[in-house]
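Shown next, in structure tokens, is the structure this report addresses.
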Amino acid sequence: QAVRTLTALIPLIRSDISPFVPKIMALLTMVLSDKHMGLVALDGWECLVVQLALHAKTTLQTIAIQISAILLDCFDNGQYDVESRAAIVLHRLLVENKELLKNCMKNVPILPALPSLRQVNQVLTKFRGGEEEKLQRIVDGLKHESSYVKSAVLNELQKDLAVRQDYYLSLAAEDGDILSDLLVVLLECCRLDGRGTSTEQSKHVRQSSLI
């Protein structure tokens, strides 16, 4: 009931919404983790995205990557209705606002190759560069303040390492700066793990990445 009321209230706040965004996001993220409330939370996320695009464009540019990472969890829970709804929200965010968000598109975490995300992935592909740009995006993602963004990027890196070990070995042989940057940021992630600031899943991904 509270989330539905909040969703109805968001359009009324208009240009005054920016100061409330962190708390709104925290609430919607918490509700999204409840498998019985996923659709209700996604209604809220869609409403937030639409209103930010209308009344607080700069704020949307700041949090677009984080929203994308948060919604990634919707594609791992086996709920088709939630997955379909999340795809709609991502379309609203990344396709309908592709010009507004063009400067941060390359840093959006890799999304699943699903039919429901075909247009979204097509848009993202246009903004992504080559291999060096990909590695730089991973490094930047691991430095992001959002734990959701870090976790998404770490999972992407782990999958990439599993299938392209030869590529990373070739980078090591070249002694390039980008690989050094990647190792530095991974070590920093592990240091934070040691202080108990990350989830067990994140620790496993980071440890695997360093092997």
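Take residue 189: with every protein chain present and a 1.4 Å probe, its accessible area is about 0 Å². Highest mobility in the GNM of the chain, judged by mean-square fluctuation with C-alpha springs under 10 Å and restricted to 164, 85, 128, is found for 164.
Which shape class applies to region 79-125: rounded if a/c is under 1.5, otherwise prolate when a/b exceeds b/c and oblate if not, where a ≥ b ≥ c are the square roots of the Cα gyration tensor eigenvalues? Present the calculation step by step, with values, prior to reporting the outcome.
On the way: a/c = 2.27, a/b = 1.73, b/c = 1.31.
Cα axes put region 79-125 in the prolate bin.
Counting only protein heavy atoms and a 1.4 Å probe, tell me what percentage of the chain's accessible area is made up of carbon and sulfur.
On the way: 6250 of 11490 Å².
That fraction is 54 percent.
Report which label in (i) 57, 36, 33; (ii) 49, 40, 32; (iii) 84, 58, 38 holds the value of Cα extents along the principal axes in Å derived from the coordinates of this structure. Read-out taken from this structure: (i).
In percent, rounded to a whole number, the relative contact order of the chain is 15, using alpha-carbon pairs under 8 Å and six or more apart.
Using a probe of 1.4 Å on the protein chains alone, the accessible area found for residue 179 is around 30 Å². Exposure check, 1.4 Å probe, all protein chains in place: residue 178 carries approximately 30 Å² of accessible surface. Of the candidates 171, 154, 111, which one comes out as most mobile in a Gaussian network treatment of the chain with C-alpha springs shorter than 10 Å? So, out of 171, 154, 111, the one fluctuating most is 171. Taking the Cα centre of the chain as the origin and placing charges on Cβ (Lys, Arg +1; Asp, Glu -1), which of 122, 187, 5 is farthest toward the positive end of the dipole? Value: 5.
Around the Cα centre of the chain, unit charges on the Cβ atoms of Lys, Arg, Asp and Glu (plus for the first two, minus for the last two) sum to a dipole of about 560 debye. The residues of region 78-144 expose on average 53 square angstrom of accessible surface per residue, using a 1.4 Å probe on protein heavy atoms.
Relative to the Cα centre, the charge distribution of region 1-123, modelled as +1 at Lys and Arg Cβ and -1 at Asp and Glu Cβ, gives a dipole magnitude of about 300 debye. Here region 89-128 and region 35-50 have alpha carbon centers that stand 19 Å from each other.
The distance between label points at residue 34 and residue 161 comes to 3.7 nm (points 7 Å beyond Cα on the Cα→Cβ vector). Of the residues 75, 158, 48, the one whose Cα sits farthest towards the positive end of the charge dipole of the chain is 48 (charges of +1 on Lys and Arg Cβ, -1 on Asp and Glu Cβ, taken about the Cα centre).
Overall, region 84-166 carries a charge dipole of about 280 debye about its Cα centre when +1 sits on the Cβ of Lys and Arg and -1 on the Cβ of Asp and Glu, all other atoms neutral.
Grab the DSSP H runs of the chain that are 4 residues or longer, score each as -39,500 (n - 2.57), total them, divide by all residues and round the 222 nm result to the nearest 500 deg cm²/dmol. Kindly include the intermediate steps, with their values, before the conclusion.
Numbers: 11 runs with 147 residues, N = 211.
Mean residue ellipticity at 222 nm (helix-derived): -22000 deg cm²/dmol.
The values are calculated or read from the model by the stated rules, or taken from the named source; none is laboratory data. This one's a predicted model, so the numbers in the text were calculated from it and none came from an experiment. As a convention, Cβ positions derive from the backbone with ideal geometry for all residues, glycine included, and neighbour counts pool all protein chains shown. The protein model used for the area step is the full one, side chains on, heavy atoms only, and it has no ligands, DNA or RNA in it. Shrake-Rupley method; radii C 1.70, N 1.55, O 1.52, S 1.80 Å.
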